[in-house]
Amino acid sequence: MRSLGQAVGIVVNAIRTPVKRDKVVEVSRATQSQQRDDVTLRRTVVEEIIWKEPSQAATGSSDTHASHAA
């Protein structure tokens with residue numbers, strides 16, 4: 001039962017924790033197309049800026065139910 005409670009706790013914690021995503025801003029997009037007979041060649045170039053969120057140091061173990069010897 002302890003393992004089941006621990007597994008449920010981990011899942012609940014994962015659901016409640018917000019997802020951290022990098023901030024992506026598209027700067028420009030350029031598309032070139034060429035038609036040759038029944039074949040179309042399309043080339044798209046996307047320029048983006050990506051900001052990564054600063055990583056936070058781990059505040060402890062993910063095992064919140066540490067076993068204690070009686």
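Just so you know, all these numbers are worked out from the coordinates, no wet-lab data involved. The model shown is predicted, which means the values in this text are computed figures rather than measured ones. Please note: Cβ atoms are built from the backbone with ideal geometry, for glycine as well, and neighbour counts cover all protein chains shown.
When ASP37, ASP22 are ordered from fewest to most other Cβ atoms inside 10 Å of their Cβ, what list results?
ASP37, ASP22
Hey, got the dipole for segment 1-57? About the Cα centre, +1 on K and R Cβ, -1 on D and E Cβ, debye to the nearest 20?
320 debye
Which of the trypsin sites (Lys or Arg not before Pro) found in segment 13-50 are in a DSSP loop and have at most 16 neighbouring Cβ atoms, other than their own, within 10 Å?
Passing both the DSSP loop test and the Cβ count: LYS20, ARG21.
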